[in-house]
1. Please state which one of Ser127, Ser95 is modelled with pLDDT of 95 or more, farther than 22 Å from Leu157 by Cβ and of a type in the set (Ser, Thr, Tyr).
2. Conditions first: (1) part of a helix (DSSP H, G or I); (2) surrounded by 16 or more Cβ atoms within 10 Å (Cβ to Cβ); (3) out of contact with any Leu (no Cβ under 7 Å at 6 or more places or on another chain). Leu157 passes all but one, so which condition is the exception?
3. In the list Arg170, Arg119, which residue meets the criterion of being among the basic types (Lys, Arg) and assigned to a loop (DSSP other than H, G, I, E, B)?
4. Applying the selection to segment 56-74, what residues are buried (at least 18 other Cβ atoms within 10 Å of the Cβ), farther than 14 Å from Thr156 by Cα, of a type outside the set (D, E, K, R) and out of contact with any Leu (no Cβ under 7 Å at 6 or more places or on another chain)?
5. If you go through segment 88-106 one residue at a time, how many are out of contact with any Pro (no Cβ under 7 Å at 6 or more places or on another chain) and basic (Lys, Arg)?
6. For segment 126-142, does any single residue satisfy the condition of being part of a loop (DSSP other than H, G, I, E, B), closer than 17 Å to Val189 by Cα, open to solvent by less than 60 Å² (accessible area, probe 1.4 Å) and of a type in the set (Gly, Ala, Ser)?
7. Condition (residue is touching a strand residue (DSSP E or B) at 6+ places or on another chain (Cβ under 9 Å) and polar (S, T, N, Q)) applied to segment 52-66: is it met by at least one residue?
Amino acid sequence: MIEHVYRRAAAAGTVSRVIVATDDRRIADAVALFGGEAVMTSPSHQSGTDRLAEAAASLACDIIVNVQGDEPVLPPETIDAAVEPLLMDPALEMSTLRRRIVDPAEHENPNVTKVVVDRDDYALYFSRAAIPYTRAGQPAAPAWAHVGLYVYRRETLLRLAALPPTAMERAEALEQLRALEHGIRIKAVKTAYASIGVDTPDDLARVRALLAQPLTT
């Protein structure tokens, strides 16, 4: 699975280098077998942000993209869409992705993180709760699911990782809330991409079918 994620990230036009940050030697060895690059990080990190920051500390670049290792069908163009706002606006510190929720059951599912945004597409809040709430008799506002891909300015990532966890971050178990609580604005780019978690044999079968399709850029 990690090879598929690696190669799809490498196929993104805005990405010049792909590195797997892990504390598991088995993963690092698997990456080396297909010719990829991996770095070993501390096993004590409490979040992906902290692990990413350790790897980024030694890099000489302006923009860092965080792609989860369990996203084997992530389209390269989706990565490019998330990176583009930081290329267009030098003042922008961080971006992520969101997709429209159409299934009411998904809106109520605490395993699906929701995000509400302002008129300029900046995240106002992320939650496992069903936000925005619709009061009886009122028209429903659009509901958006958060897609867990992040793009950071390198300096922002290092600053964020050095900040202590916040109350909302702990309560919701959502590390991106640390950024919002500390005043870091997050641009939430619209996408049609929906993450596929590989938790069951059926999930694995779906992913294998998708991986059998040609990769396009």
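1. Ser127
2. (3)
3. Arg119
4. Answer for segment 56-74, where residues must be buried (at least 18 other Cβ atoms within 10 Å of the Cβ), farther than 14 Å from Thr156 by Cα, of a type outside the set (D, E, K, R) and out of contact with any Leu (no Cβ under 7 Å at 6 or more places or on another chain): just Leu74.
5. Looking only at that region, the number is 2.
6. The answer is no; no qualifying residue exists.
7. Yes - at least one qualifying residue is present in segment 52-66.
A quick yes/no check of all residues on (1) within 23 Å of Ala12 (Cα to Cα); (2) touching a helix residue (DSSP H, G or I) at 6+ places or on another chain (Cβ under 8 Å); (3) surrounded by 11 or more Cβ atoms within 10 Å (Cβ to Cβ):
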| position | (1), (2), (3) |
| --- | --- |
| Met88 | yes, no, no |
| Glu93 | yes, yes, yes |
| Thr96 | yes, yes, yes |
| Pro104 | no, no, yes |
| Pro110 | no, no, yes |
| Lys114 | no, yes, yes |
| Arg119 | no, no, no |
| Trp144 | no, no, yes |
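The values are calculated or read from the model by the stated rules, or taken from the named source; none is laboratory data. Being a predicted model, the structure only gives us computed values, none of them experimental. Neighbour counts run over all protein chains shown; Cβ positions are idealised from the backbone, glycine included. These area figures cover heavy atoms from the full protein model, side chains too; ligands, DNA and RNA do not enter into them. Shrake-Rupley method; radii C 1.70, N 1.55, O 1.52, S 1.80 Å.
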